[in-house]
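In what follows, a single structure is set out as structure tokens and then discussed.
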Amino acid sequence: MNYLSVENLTKHYGEKLLFGNVNFGINKGQKVALIAKNGTGKTTLLNILTNHDFADNGKVTLRGDIRIGYLTQSIDEDSNLSIFDFIFNTDNDIVNSIRQYETALKDIKVSDNDANKKALEIAIENMETFKAWDFETRTKEMLHRFAIEDVFVNMSELSGGQRKKVALVKLLLSEADFLILDEPTNHLDIEMIEWLETYLTTANTTLLMVSHDRFFLDKVCNEIFELEQHGIVHYRGKYDYYLEKKQERILAQNAEKERAKNIYRKELEWIRSTPQARSTKAKARIENFEKIKQKAFAEVEQVAQQFAVKTERIGHKILEIEHLSFDYDNKTIVNDFSYIFKRGERCGIVGKNGSGKTTILKLITNNLKPNTGKISIGETVKIGYFSQDGLSLKNEGKRIIDIVKEHAEMVRMSDGNLISASSFLNHFGFGFDLQYNFFENLSGGQKRKLHLLMVLLKNPNFLILDEPTNDFDIETLTLLEDFLLDFQGCMLIVSHDRYFINKLVDHIFVLGGNGQIKDYYGNYSDYKQIENQLNKNTEKQKKEEKPIYQKVKNTNSNKRTYKEEKEFQALSEEIATLEEEKNTIVLQLNSGNVASDMLRIFSERYAQIDTILEEKTMRWFELSEKNG
């Protein structure tokens with residue numbers, strides 16, 4: 001079943017062509033990742049698909065009988081609606097059935113005529129059909145997953161990241177048939193991302209998603225659309241498959257381009273030496289020459305070359321942390337932490353949002369003072385610190401190339417050769433034209449990238465990076481990873497990008513709260529494997545572990561006690577009684593002979609019984625697993 005069909009879609013941004021004559025479709029059940037360089041039109045394409053923007057030419061067809069949910073990259077909602085009201089301010093079957101039910105209850109109080117009775121009956125049926133009785137509970141549970149606890153705070157009081165989390169919860173609760181998500185993992189910590197990953201993987205929904213989180217898209221999506229050279233290239237596989245096939249395609253295109261160049265040189269000699277012939281054969285050859293020329297000078301992506309700067313020599317003493325403790329706002333961030341960094345170490349820091357990852361980096365870089373303990377840095381250590389604060393506003397009014405040249409005209413590479421600062425910028429996506437743009441004209445992502453390059457240009461031998469992957473496209477991330485893999489100094493990285501962490505670090509510092517920091521040797525996946533195994537062992541031990549006195553007194557440790565047996569029998573009777581009462585209410589509501597005040601009482605009791613039954617049934621199952 002086709003959900004989306006795109007035909008010959010073309011869009012310009014000013015004089016720049018974003019994409020031209022693009023064609024693709026998405027069927028029910030497909031989970032597709034859309035990837036591309038920054039500035040090539042990913043968000044614009046999603047906006048056109050969802051009718052938030054328009055195309056210059058082409059046609060977008062969305063199936064009319066499906067529910068579509070769209071998560072934009074930034075949420076501008078700044079109304080005085082509370083979080084709870086914002087989530088309920090939507091048009092989907094669940095919320096509509098709740099509204100219908102509340103309206104029917106209100107109307108029946110005014111008049112218990114047959115029409116109002118019938119309306120309430122239908123409302124109750126819809127509440128049951130769409131499982132709307134526990135919608136409020138599910139809303140609070142999901143908000144809790146994303147660390148949103150106070151549902152009565154106004155949306156206008158939230159940060160941009162918090163607004164996006166609330167918008168994401170609203171979207172997931174809508175249970176849309178087709179989800180279109182623009183960078184859904186932005187502002188989420190790893191635990192939140194992993195929960196969302198599991199949710200989207202198991203959800204019976206169709207998905208089109210823009211994300212730079214390669215671990216996430218590899219887990220969730222099984223197809224990739226790459227927006228490249230103004231068109232769409234389709235890869236039927238996960239991210240690793242995409243990397244392999246893209247490499248093959250680039251090599252094949254380069255080989256084809258070289259063949260076309262050789263033919264072009266020969267044909268060019270013929271064109272120059274031969275008078276303008278009028279024969280059909282000569283005209284065909286001239287027309288073919290133009291096609292060869294296009295192939296020979298076509299823009300083809302190049303395979304990335306090794307690119308590493310020279311690192312300053314580092315001595316034996318690098319960085320020593322001794323009994324470090326730090327409290328903030330009556331909360332312990334670090335408690336008696338000690339560590340000695342060794343030459344060439346690559347460490348990652350992970351933890352929930354608010355656990356103190358950035359605080360630790362600020363303590364190490366002397367931007368914060370510890371309560372107790374000390375940090376000693378070796379004399380030869382030259383720290384390069386990429387913070388989330390970004391570059392100073394004093395750079396406004398300056399061109400990019402001038403900002404860079406204030407720090408370095410030339411950059412020494414690992415092989416000893418010198419390259420210009422301009423060539424260094426060009427390698428990381430700041431083309432020669434862009435280098436003469438003014439700082440204030442850059443996008444947020446471009447400013448972050450420039451900030452990072454300024455850190456790298458200073459030839460540090462100890463890199464401290466705080467969320468370096470935010471707002472970067474996948475191509476930039478790949479270039480950065482390759483660069484850092486060749487970096488010869490020490491690294492300390494805070495990141496929620498598991499792919500990035502896995503590729504670069506030797507071991508992980510895990511912030512578990514209450515100031516405790518655990519050290520796991522290996523990358524993030526190694527740490528998760530160990531943690532999962534430990535959790536399984538703990539659960540197994542809890543099930544198997546029985547007190548010694550029970551083994552002596554009771555020959556059957558899985559037998560219900562006298563008290564539990566009485567409870568089990570009582571539950572069986574209570575559940576049967578509640579089920580009978582529930583059926584009686586349904587018969588009464590369907591009879592059409594119930595007074596208005598009783599109709600309201602019955603409907604409220606029906607919802608109450610549902611909740612009680614769920615609790616008692618769960619307890620009954622728990623006791624039934626024991627022998628009577």
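The values are calculated or read from the model by the stated rules, or taken from the named source; none is laboratory data. Small disclaimer: the values here were computed from a predicted structure and weren't measured. Backbone-built Cβ (ideal geometry, glycine too); neighbour counts: all protein chains shown. Ligands, DNA and RNA are stripped out before the accessible areas are found, and what is left, the full protein with its side chains, is counted by its heavy atoms. Shrake-Rupley method; radii C 1.70, N 1.55, O 1.52, S 1.80 Å.
Here 181, 143, 171 are screened, and the one residue that is under 21 Å from residue 211 (Cβ atoms) and open to solvent by less than 10 Å² (accessible area, probe 1.4 Å) is 181. Suppose the filter is touching a residue at least 12 places away in the same chain (Cβ under 8 Å), among the charged types (D, E, K, R), open to solvent by 20 Å² or more (accessible area, probe 1.4 Å) and more than 19 Å from residue 471 (Cα to Cα); does residue 369 pass it? For residue 369, the condition - touching a residue at least 12 places away in the same chain (Cβ under 8 Å), among the charged types (D, E, K, R), open to solvent by 20 Å² or more (accessible area, probe 1.4 Å) and more than 19 Å from residue 471 (Cα to Cα) - is not met. Scanning the stretch 7-49 for residues that are among the β-branched types (Val, Ile, Thr) and closer than 16 Å to residue 59 by Cα gives 10, 22, 26, 44, 48.
Scanning the stretch 406-427 for residues that are under 20 Å from residue 395 (Cα atoms) and either open to solvent by less than 20 Å² (accessible area, probe 1.4 Å) or in contact (Cβ under 8 Å) with a residue 24 or more places away in the chain (or both) gives 407, 408, 421, 424, 425. On inspection, residue 440 passes the criterion of being open to solvent by 50 Å² or more (accessible area, probe 1.4 Å) and either charged (D, E, K, R) or more than 26 Å from residue 226 (Cβ to Cβ) (or both). Residue pairs whose Cβ atoms lie under 7 Å apart, sitting 6 or more positions apart in sequence or on different chains, and linking a residue in the stretch 377-394 that is assigned to a loop (DSSP other than H, G, I, E, B) to a partner that is among the polar types (S, T, N, Q), are 381/461; 382/461; 388/358. Looking only at the stretch 131-140, residues that are open to solvent by 70 Å² or more (accessible area, probe 1.4 Å) and either more than 30 Å from residue 191 (Cβ to Cβ) or at pLDDT 85 or above (or both) come to 1 in all.
Can you name every residue in the stretch 490-510 that is under 23 Å from residue 314 (Cα atoms), part of a loop (DSSP other than H, G, I, E, B) and touching a helix residue (DSSP H, G or I) at 6+ places or on another chain (Cβ under 8 Å)? Once the filter is applied, which keeps residues that are under 23 Å from residue 314 (Cα atoms), part of a loop (DSSP other than H, G, I, E, B) and touching a helix residue (DSSP H, G or I) at 6+ places or on another chain (Cβ under 8 Å), the stretch 490-510 yields only 505.
So that you can scan it fast, the table gives a plain yes or no per residue for (1) among the small types (Gly, Ala, Ser); (2) more than 18 Å from the chain's Cα centre (by Cα); (3) under 28 Å from residue 495 (Cα atoms); (4) not in a helix (DSSP H, G or I):
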position	(1), (2), (3), (4)
201	no, no, yes, no
217	no, no, yes, no
225	no, no, yes, yes
252	yes, yes, no, no
255	yes, yes, no, no
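With the condition kept exactly as written, say whether any residue in the stretch 48-56 is more than 15 Å from residue 174 (Cβ to Cβ), of a type in the set (Asp, Glu) and assigned to a loop (DSSP other than H, G, I, E, B). Among the residues of the stretch 48-56, at least one is more than 15 Å from residue 174 (Cβ to Cβ), of a type in the set (Asp, Glu) and assigned to a loop (DSSP other than H, G, I, E, B), which makes the answer yes. When restricted to residues that are farther than 20 Å from residue 489 by Cβ, in a helix (DSSP H, G or I) and in contact with a Ser or Thr (Cβ under 9 Å, 6 or more places away or on another chain), the stretch 428-470 contains 3. For the stretch 444-463, the candidate set comprises residues that are in contact (Cβ under 8 Å) with a residue 40 or more places away in the chain and within 20 Å of the chain's Cα centre (by Cα); within that set, the residue that is least open to solvent (accessible area, probe 1.4 Å) is 445. Of all residues in the stretch 511-554, how many are of a type in the set (Lys, Arg), modelled with pLDDT of 85 or more and in a helix (DSSP H, G or I)? Qualifying residue count, the stretch 511-554: 1.
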